[in-house]
Each structure stands twice: as structure tokens, then as C-alpha cells.
Amino acid sequence: MRNQGQLFAGSLLIFFGLLFLIGTLFNINVWAFCWPLGLILLGVWILLRPQFNPNTPVNMTPLGSVRREGAWRV
């Protein structure tokens with residue numbers, strides 16, 4: 001199963017890249033569209049994000065598959 005967060009972030013980057021490319025080609029002020037669109041997407045994400053069960057452990061690996069256990073120094 002794919003990580004839905006990575007799929008969403010990748011899709012968002014592609015969408016904004018295409019939006020900026022079209023804005024550059026047709027001389028459109030893209031920033032006038034990005035702010036409201038960003039707020040709309042943030043609202044949709046807040047409404048549709050999965051609800052986490054507080055009793056279930058969540059494993060987040062922002063640096064890939066690096067796993068540390070026990071006491072360790074940074």
C-alpha cells in the first residue's frame with residue numbers, strides 16, 4: 001500500500017508546477033489563485049484526513065527507514 005501523504009504531496013507539487021507553468025506561458029498572475037486555492041485545499045485536507053485512534057501507536061519515519069531504539073545521542 002502506498003503512503004497516502006507522499007501521494008498527496010507529490011500530486012500537489014505537480015499541480016502547482018503545472019499551474020505556474022501555465023501562468024508563465026500565458027502571463028497570468030498565478031499568486032492571485034494560489035492563496036485561495038491553498039486555503040481550500042487545506043480545508044479539504046482537514047475535513048477528510050483520517051482520524052487517529054489515541055491508543056494506537058503511530059510510527060512516522062521522516063528520514064526514511066532509519067530506526068533508533070533506546071537511549072541515543074543526537
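Scanning the range 47-58 finds no residues that are modelled with pLDDT under 80, surrounded by 10 or more Cβ atoms within 10 Å (Cβ to Cβ) and of a type in the set (Phe, Trp, Tyr). Please go through the range 18-42 and pick out each residue that is modelled with pLDDT under 85 and of a type in the set (Phe, Trp, Tyr). Result: Trp31, Phe33, Trp35.
The values are calculated or read from the model by the stated rules, or taken from the named source; none is laboratory data. Given the structure is predicted, the values throughout are model-derived calculations rather than measurements. Here Cβ is always computed from backbone atoms with ideal geometry, including for glycine, and neighbour counts include all displayed protein chains.
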